[in-house]
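J.: Starting off with a structure, shown below.
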Amino acid sequence: MNVPTLSIGLPVYNGERYLAEALEALLAQTYTDFELIISDNASNDATEEICRAYAERDERIRYIRQPVNIGCDPNHHFVTEQARGKYFKWAADDDLYEPELLRRCVEALEAHPEVVLAHAGDAIIDEQGAVVRTMPYELDTANPSPSARLRSMLHVSGGNDDYGVMYTDVLRRVAPYGTGAYGSDRVFVSSMALQGPFHHVPQTLYYRREHPDRASRAPSKRERMAILDPRRTSRLRYPMPRLHTEYIWAFVAAVGRSPLTLRERLRCWGEIAGWLLGRVLPARAGRRLEGSLESAS
């Protein structure tokens, strides 16, 4: 069996409403040297039937069904473990993509060997697929300085770089996305940024769909986290102070794991300390800490 250059991991749970559209958009890509790994998180709707039908049509698709719901974050990590390609990309069951997305990102990685991740401009679409707004990209992830890239991740909101195309071996050097921790997506992208700069393709090629069933639309932070990892429903094992502490420590540990000089490592830890002190010191109550942490996630 030929090993594909790019692996696409698509974790899904009860995605019947938009899944076929997402699969069509991926299979219509002009860059075709990829495998599509679908991990079905024990869906109880028509997701399984849709996936099996597409897998029969296209040999690039590998469909795996989890026996139980392992949570969104662990399911994201699972598809990375199955990847065989030099490059890796996550895909969502409700998003859409221009046909040139994969090609432009792979070409960027091949043209810029210092880059570890390539991503494109994105826009928000509604339930019918109409563009609602185009999202600006203001993160300084192309900066050659690791501490500058980390500073941007800590202080500037936005970005969907976790859904870019990245080197699989670099992805596996950082802490797994699937930790179920508070803000794990932001920590993951920051960890990748510490490994090297990103390349931003300015054209809008990626469309994120907003709809009521998105995990981010859950009523409370606890409910959102329970979707990411069911273990996080326990308030006794995972009180919010613990979750916030884990979030901060994840940034500190990411710096420690990164291939940095001692001077740059100290600069990065200094950025974390400055960010945290700047957010916490003005607070007169613990409630302020929670809001300040969310601003960076």
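J.: Can you find a residue in the range 33-53 that is crowded, with 20+ Cβ neighbours inside 10 Å, closer than 22 Å to Tyr167 by Cα and touching a Phe, Trp or Tyr at 6+ places or on another chain (Cβ under 8 Å)?
T.: Among the residues of the range 33-53, at least one is crowded, with 20+ Cβ neighbours inside 10 Å, closer than 22 Å to Tyr167 by Cα and touching a Phe, Trp or Tyr at 6+ places or on another chain (Cβ under 8 Å), which makes the answer yes.
J.: Can you run down the residue pairs with Cβ atoms below 6 Å, 6 or more apart or on separate chains, where the first is in the range 98-114 and under 25 Å from Ala130 (Cβ atoms) and the partner is open to solvent by 50 Å² or more (accessible area, probe 1.4 Å) and outside any loop (DSSP other than H, G, I, E, B)?
T.: Every condition considered, no pair remains.
J.: While we're on this one: Do you know which residues across the range 185-206 are touching a Leu at 6+ places or on another chain (Cβ under 7 Å) and of a type in the set (Ser, Thr, Tyr)?
T.: Listed by number, the residues that qualify are Ser190, Tyr206.
J.: Only one residue in Asp93, Asp140, Asp126 is touching a residue at least 40 places away in the same chain (Cβ under 8 Å) and buried (at least 17 other Cβ atoms within 10 Å of the Cβ). Which one?
T.: Every option except Asp93 fails the conditions.
J.: Would you please list the contacts, defined by Cβ atoms under 7 Å and residues six or more apart or on different chains, that run from a residue in the range 71-88 that is within 23 Å of Glu110 (Cα to Cα) and crowded, with 23+ Cβ neighbours inside 10 Å to a residue that is among the hydrophobic types (A, V, I, L, M, F, W, C) and at pLDDT 90 or above?
T.: Qualifying pairs under 7 Å: Tyr87/Leu6; Tyr87/Val106; Tyr87/Leu109; Tyr87/Val165; Tyr87/Met166; Phe88/Met166; Phe88/Leu171.
J.: So in the range 1-57, with the set limited to residues that are among the polar types (S, T, N, Q) and assigned to a strand (DSSP E or B), which one is farthest from Asn69 (Cα to Cα)?
T.: Ser7
J.: Answer yes or no: is there a residue in the range 2-11 that is open to solvent by 40 Å² or more (accessible area, probe 1.4 Å) and touching a Lys or Arg at 6+ places or on another chain (Cβ under 9 Å).
T.: Scanning the range 2-11 turns up at least one residue that is open to solvent by 40 Å² or more (accessible area, probe 1.4 Å) and touching a Lys or Arg at 6+ places or on another chain (Cβ under 9 Å).
J.: Check whether at least one residue in the range 51-74 is closer than 25 Å to Gln128 by Cβ and touching an Asp or Glu at 6+ places or on another chain (Cβ under 7 Å), and report yes or no.
T.: Yes, the range 51-74 has at least one match.
J.: So, one more: Taking into account only those residues within the range 153-183 that are farther than 17 Å from Ala118 by Cβ, open to solvent by less than 30 Å² (accessible area, probe 1.4 Å) and of a type in the set (Ser, Thr, Tyr), which is modelled with the lowest pLDDT?
T.: In this case the residue turns out to be Tyr182.
The values are calculated or read from the model by the stated rules, or taken from the named source; none is laboratory data. For clarity, every value in this text was computed on a predicted model and none was experimentally measured. All Cβ positions, even for glycine, are placed from backbone atoms using ideal geometry, and neighbour counts span all protein chains on display. Note: areas computed on protein heavy atoms with side chains; ligands, DNA, RNA excluded. Shrake-Rupley method; radii C 1.70, N 1.55, O 1.52, S 1.80 Å.
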